[in-house]
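Remarks on the structure that follows.
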Amino acid sequence: MSVTAFAPQTEARFALARKVADAVLFEGYVLYPYRASAAKNRLRWQFGVLVPPGWGADCEEHSFQHTECLMEPKADTTLAVELRFLRARRRTVQRALSDGEFETVPELRLEDRVLVPWDEGVEEHLEAVVPVAELLAGDVTIPFDLPDGEEYEPVGDASGRTVGRTIHRYERTDGRLCLSACELDGPYRVVRLTAVVENTSTWTPEAAHTADRDAALPRSLVATHLLMALDKGRFLSMTDPPEWAKGAVAACRNLHTWPVLAGEPGRADVVLSSPIILEDHPAVAPESPGALYDATEIDEILALRTAALTDEEKREARGTDERAAAVIELADSLPAEVLERLHGAVRGLREVTGPEPFEEPENPDTPWWDPASDPGFDPGHDHTVVDGRPASAGSRVLLRPGLRRTDAQDLFLHGRTATVEAVLYDIDGAVHLAVTVDGDPGADLRREQGRFLYFQPDELTWPEGDA
């Protein structure tokens with residue numbers, strides 16, 4: 001489905017952005033443990049689903065996305081737009097009978113996989129290139145329609161004998177992309193670009209199945225998003241605009257989508273309008289070994305847990321979807337050095353200001369973070385000021401947590417008296433008082449183990465009547 005082909009330079013600008021757009025396209029496509037029978041895989045397609053208007057009127061899902069963003073086009077600028085979404089293709093599984101006919105079955109068990117009914121996601125995209133001058137002169141509407149149909153695929157066993165087949169059913173899907181632009185008043189030549197994607201299907205469910213989302217999905221646009229690029233000029237960030245443009249950005253309406261700058265960092269000629277919230281210039285982590293499709297995926301955990309699935313679970317995952325099968329093979333083949341790379345990464349380093357650079361303490365047997373490693377500190381004899389008076393080990397204080405950074409456990413101690421056991425300084429120079437609560441039957445054990453409660457000076461005061 002294409003209106004026009006992109007020029008090579010446009011393709012190059014879109015290339016980096018498509019890596020993120022693909023992640024958006026398949027966000028939550030199939031969730032660990034990658035089997036159709038898993039409960040979490042029975043309610044799918046959670047992001048950017050544009051349903052038929054006749055069904056969406058009575059539900060919380062929508063039939064359109066509305067994007068508005070700001071751009072500063074130069075003379076004779078053209079806008080390239082790529083609409084991308086998945087189309088749900090429903091798969092039915094059939095077993096071959098001895099008379100050459102086929103019967104529909106809930107599963108077809110093969111040596112390496114178990115085939116089951118499933119909704120497959122087929123990538124669709126619409127490409128258009130429009131001069132910005134044309135958009136300023138009037139709306140540009142690009143309709144599209146995808147016909148219904150069926151595809152049959154034979155299924156063979158290890159010897160090549162046909163043991164069944166799958167039927168892949170498409171339902172008719174209709175939609176349109178509407179583009180417009182208007183120049184804003186002011187000293188700067190800023191243009192507001194509007195892009196609306198709509199599902200225009202005339203399908204309406206039977207009254208008895210009005211709430212049947214399963215029937216609406218094959219006629220929906222799934223994981224819908226837009227890539228937009230200027231050949232000359234730039235877009236303005238919608239999340240961090242320049243000061244002079246903040247009012248115009250705030251006036252933009254974005255419904256069911258979120259536009260951000262995409263592509264190469266430092267450039268502003270590509271926008272990704274996504275159904276999930278992203279930051280400007282989003283990128284796939286370079287350590288990622290491949291797509292895992294699980295929403296909010298954590299590669300290391302998913303890779304390890306996927307590799308630990310039983311052989312039967314892996315057979316069902318392979319039969320669920322080709323992409324799920326690829327995840328199984330990926331997890332089973334990851335070398336140790338790739339898994340090690342997933343364990344963590346330093347994204348950047350910054351200089352830490354301080355009085356002196358860190359030096360290894362003279363006594364290697366004392367950890368650098370232990371107060372005893374610095375002869376300038378003595379927790380048992382140091383003092384600090386609490387409510388205008390010095391406090392040190394042995395002082396009785398009144399606990400009053402709740403002013404800041406306080407958790408529920410500390411709040412339970414509000415108004416209790418305690419004994420200061422030590423005055424400590426952390427590596428940032430902040431003061432902490434280690435205390436034991438008066439009347440605590442485990443106070444002696446806490447002292448023996450050094451397991452105290454810690455408060456800062458402004459969370460303490462003096463008991464009434466104490467001199």
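General observations
- Residue, least open to solvent (accessible area, probe 1.4 Å), within the stretch 269-283, restricted to residues that are farther than 17 Å from residue 67 by Cα and in contact (Cβ under 8 Å) with a residue 24 or more places away in the chain: 282
- Scanning the stretch 226-268 for residues that are part of a strand (DSSP E or B) and free of Cβ contacts under 8 Å to residues at least 60 places away in the same chain turns up 258, 260, 261.
- Every residue from the stretch 269-316 that is small (Gly, Ala, Ser) and not in a loop (DSSP other than H, G, I, E, B): 273, 274, 303, 307
- Among the residues listed as 292, 261, the single one being hydrophobic (A, V, I, L, M, F, W, C), under 23 Å from residue 30 (Cβ atoms) and open to solvent by less than 80 Å² (accessible area, probe 1.4 Å): 292
- The stretch 424-434: number of residues that are farther than 15 Å from residue 387 by Cβ and in contact (Cβ under 8 Å) with a residue 24 or more places away in the chain: 6
- Filtered residue count, the stretch 295-321, keeping only those that are open to solvent by less than 60 Å² (accessible area, probe 1.4 Å), aliphatic (A, V, I, L, M) and modelled with pLDDT under 85: 4
- Given (1) assigned to a loop (DSSP other than H, G, I, E, B); (2) open to solvent by less than 50 Å² (accessible area, probe 1.4 Å), index of the condition residue 70 fails: (1)
- Listed here are the strands (runs of 3 or more DSSP E) enclosed by the stretch 139-225 that have at least 2 residues being under 27 Å from residue 252 (Cα atoms): 140-146, 173-183, 191-199.
- Near pairs, Cβ below 7 angstrom, 6+ apart or cross-chain, from the stretch 99-118 (in contact (Cβ under 8 Å) with a residue 40 or more places away in the chain and aliphatic (A, V, I, L, M)) to any residue that is in a loop (DSSP other than H, G, I, E, B) and surrounded by 11 or more Cβ atoms within 10 Å (Cβ to Cβ): 110/157; 114/107; 115/107; 116/36; 116/107
The values are calculated or read from the model by the stated rules, or taken from the named source; none is laboratory data. These numbers come from a predicted model, not from an experiment. Cβ coordinates were reconstructed from backbone atoms using ideal geometry, including for glycine residues, and neighbour counts include every protein chain displayed. With ligands, DNA and RNA removed, areas are computed over all heavy atoms of the protein, side chains included. Shrake-Rupley method; radii C 1.70, N 1.55, O 1.52, S 1.80 Å.
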